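One structure is given here, and the rest of the page talks about it.
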Amino acid sequence: MTNFIDRFFSKKIENPNSVLFYVSFFLISLSRMLQSSGLVEIPESIMDVFMVFACVLLLLKIMFDKTGAKRLLIKILVILMVILLRTFGLPMPIVSSCFAFLAMEKVNIKTVIKIDLLVKCAFFIFSAIVFGADYFTGQERVAEYIFEAKKGTAVALYFKNPNTTGLVGTMIALDLLYLKDNKKFRDFVFPTLIAVATFALTTSRAPFLVYCVYLLLQLIKNGKVLTIIQKLTYPVLFGFTFYVVNSVPVGSSMYRILNPLLSSRIWYSIVAYNSAGLTILPSLANTILLKNYIIDIFYVRCIVRYGLITLLLYYIPHLMLPTNATNEQKRMSIIASVYLFFEDAVSNVGFAIPYLIIADAIFNKKEIPDGKNKK
């Protein structure tokens, strides 16, 4: 058993405090998958206990780490701010994600990715097997997870919706690729097959588009160019989002083009903005007001629910990403910003870990010798 654990973690754990992070991340990832699964029903109160316990472990990890007084003070101030925002209505997944980001110091990101892969693959494979068995034996409940739409038949594989299935499949593919340091063409084959197969089943366009963007970014080898794109993507997409909800009338030519492309997200976004307006701080009242609105776009959620302070909170990591970060870390920063334009799921590290990859680049800087490839 010890040999298996050593092989799984690749090498011995150098920082014992990081075990607190690994356990916490496992709980966050597990709770997110349990909440997304249609096969199990876990009371919300139990999920809250999971998240609170995970956050306590993360706080202990931050306090036990031997870090500079200045850095620790900054982390404590951010933690206090996030807790304050929680009292205004900031969702618990965002709180836990912020804590996880701050606790990434001296944590092996590849071990985190392996844990993420373990949880996601277990749920994805189990859901697919049970769905397939029920489908071929004629079980009626499978009909609840097969959706008909203009874009085609979408199969959710016992996740609560096809978009979640698409996200999980795509993140598995990206996890596999991030574990490869010097990727060759053959390294892309299996992950791409996973992404394509997931898209074929779910017809969920956003995850597949994000994966295609990631592949296109592989063509850009210039780190300075990637840095410019990485710094600008988030504010540009937010600016475009705000322009649309604030200035594009329903029924206009731009609306008629964008709304079908984004699966009616534009209509919901404009109506939600007209109903709730712009918020600076998280608004519990707006959350209740808009409970029947399907608001997937993270930037819109920040405008009408989470507040502009949360929008800034999620942009700061992109600003802090070192210019000498690896190209792969910069690509993950870019696709995180792109994904937030379609879904807010990437803001939750239990769903996707690009923000933890950014945290790794910030807190665990590695000196890269001149002349070394930074793919």
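So with the 1.4 Å probe, I'd like the accessible area per residue for the chain, rounded to whole Å².
Result: 47 Å² of accessible area for each residue.
Order the following by accessible area, largest value first: C55, C212. Probe radius 1.4 Å; ligands, DNA and RNA are ignored.
C212, C55
Do any chymotrypsin sites (Phe, Trp or Tyr not before Pro) in the range 140-193 lie in a DSSP loop with no more than 13 other beta carbon atoms within 10 Å, and if so, which?
none
Please turn the phi angles of the range 313-321 into ³J(HN,Hα) values with the Karplus equation 6.51 cos²θ - 1.76 cosθ + 1.60 (θ = phi - 60°), one per residue in order, whole Hz, x for glycine and proline.
4, 7, 8, 3, x, 5, 5, 7, 4
Say the cut-off is 22 Å between C-alpha atoms; which of K224/K365; K183/K231; K114/K151 go over it?
Result: K183/K231; K114/K151 exceed 22 Å.
Quick query: amide H of E343 versus all other amide H atoms, modeled in the peptide plane; which residues come in under 5 Å with a sequence gap of 5 or more or a different chain?
F298
Using DSSP to define loop residues, name the trypsin sites (Lys or Arg not before Pro) in the range 270-332 whose beta-carbon has at most 15 other beta-carbon atoms within 10 Å.
Hits after loop and neighbour filter: K291.
In whole Hz and in residue order, list the ³J(HN,Hα) couplings for the range 152-162 that follow from phi through the Karplus curve 6.51 cos²θ - 1.76 cosθ + 1.60, θ = phi - 60°; x for Gly and Pro.
Result, ordered by residue: x, 7, 10, 10, 9, 6, 6, 8, 5, 7, x Hz.
Within the chain, what's the longest run with no GluC sites (Glu not before Pro) in a DSSP loop and at most 10 other beta-carbon atoms within 10 Å? Give the range, please.
Here the longest run is 42-366.
Leaving ligands, DNA and RNA out of it, report the carbon-plus-sulfur percent of the accessible area of the range 135-250 at a 1.4 Å probe.
That share works out to 67 percent.
If amide hydrogens are placed 1.01 Å from N in the peptide plane, which non-local residues have theirs closer than 5 Å to the one on F159?
Excluding prolines and chain starts, which carry no amide H, the hits are G38.
Just C121, C98, C302 to compare: in a GNM of the chain, with alpha carbon springs under 10 Å, which one fluctuates most?
C121
With the Cα gyration tensor of the chain giving a ≥ b ≥ c as the square roots of its eigenvalues, does the rule (a/c under 1.5 for rounded; else a/b larger than b/c for prolate; else oblate) give rounded, prolate or oblate?
rounded
Hand me the trypsin sites (Lys or Arg not before Pro) from the range 13-83 located in a DSSP loop with no more than 14 other Cβ atoms within 10 Å, in residue order please.
Those that pass, being in a loop and sparsely packed, are K66.
Let me check something: with ligands and nucleic acids excluded, how do L237, L284 order by accessible area (1.4 Å probe), largest to smallest?
L284, L237
The values are calculated or read from the model by the stated rules, or taken from the named source; none is laboratory data. Keep in mind the model is a prediction, meaning the values are calculated, not measured. Backbone-built Cβ (ideal geometry, glycine too); neighbour counts: all protein chains shown. Surface areas here come from the heavy atoms of the whole protein model, side chains and all, with no ligands, DNA or RNA. Shrake-Rupley method; radii C 1.70, N 1.55, O 1.52, S 1.80 Å.
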